[in-house]
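Comments concern the structure below.
The values are calculated or read from the model by the stated rules, or taken from the named source; none is laboratory data. As the structure is a computational prediction, the values presented were derived from the model and not from experiment. Cβ placement follows ideal geometry from the backbone for every residue including glycine, while neighbour counts extend to all protein chains displayed. Keep in mind that these areas ignore ligands, DNA and RNA; they rest on the heavy atoms of the full protein, side chains included. Shrake-Rupley method; radii C 1.70, N 1.55, O 1.52, S 1.80 Å.
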Amino acid sequence: IAPTATRSEQETRKAMTDFIGPTDDVRSFYSDNAAELKKAARNLEYCHPTSTPGCADTNGLAEGKVKLGKSGTRGQLLHSGFHKSWWPKAAVVYADNHTFTPSVRWPTDPKESPYERRLKVKFKGMMFALGQLVDFMTTPFPCNTPAPFAERMIPGLFVGYHTQPGGKFNGDYYVIEY
């Protein structure tokens, strides 16, 4: 789920529906007792079992994933040289790269990415780190049309993947002109 600027129920619900997408059904949503998650789950009519506050045995796996996400976000920021205020973009780039990377969950498991397991297609894009220098073509608008013999590609800094609700990558990237 994408990071939100506030812990409001509305932003949380929007992030949850964007993550789930238009075709998937949620049978159960397990979380801690955060008020915004409880309200969003209730408004989306999800079955919502919760962990016991202060009891690591009931939320240890989730806390481990949060720790992994935070360290991955710090890594993206460190390697990009971007200011810490870029943490929401760094968190999404880290999560997307993790989702697009094939992995094995246990010894006999096929090497597939979480993206491939969920959407039943391989990720066909290129993977980049936050702030990586890339060459890109601008969005084709009449005002962006280069002169007949001008460079078609310009340098930029990668800041994210454009994904549709449900996480499907459509081939577009977010890049800042350098």
Query raised in the report: Taking strands (runs of 3 or more DSSP E) that do not extend beyond segment 106-178, which have at least 1 residues that are touching a helix residue (DSSP H, G or I) at 6+ places or on another chain (Cβ under 6 Å) and at pLDDT 95 or above?
Result: 154-163
Report summary line: Cβ pairs under 8 Å, 6+ apart or interchain, first in segment 119-137 and over 26 Å from W87 (Cα atoms) and of a type in the set (K, R), second assigned to a loop (DSSP other than H, G, I, E, B) and open to solvent by less than 90 Å² (accessible area, probe 1.4 Å), ordered by first then second residue, are K122/S113
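If you check P88, P107, P49, which single one turns out to be more than 20 Å from F123 (Cβ to Cβ) and open to solvent by 60 Å² or more (accessible area, probe 1.4 Å)?
On the way: P88 fails: open to solvent by 60 Å² or more (accessible area, probe 1.4 Å); P49 fails: open to solvent by 60 Å² or more (accessible area, probe 1.4 Å).
One residue alone meets the criteria, P107.
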Query - Every residue from segment 86-109 that is aliphatic (A, V, I, L, M) and over 17 Å from V175 (Cβ atoms) - result: A91, A95, V104
Query raised in the report: What residue, of E9, E63, is among the charged types (D, E, K, R), modelled with pLDDT under 90 and over 22 Å from L119 (Cα atoms)?
Result: E63
Report task. Give just the number: which of (1) in contact (Cβ under 8 Å) with a residue 40 or more places away in the chain; (2) open to solvent by 80 Å² or more (accessible area, probe 1.4 Å) does P142 not satisfy? Result -> (1)
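Quickly run through segment 53-105 and pick out the residues that are in a helix (DSSP H, G or I), more than 16 Å from the chain's Cα centre (by Cα) and closer than 25 Å to F29 by Cβ. Full working, then the answer.
Residues of segment 53-105 that are in a helix (DSSP H, G or I), as a first pass: 56-80, 84-100.
Applying the additional criterion that residues be more than 16 Å from the chain's Cα centre (by Cα) yields 56-64, 78-80, 84-85.
Listed by number, the residues that qualify are A56, D57, T58, N59, G60, L61, A62, E63, G64.
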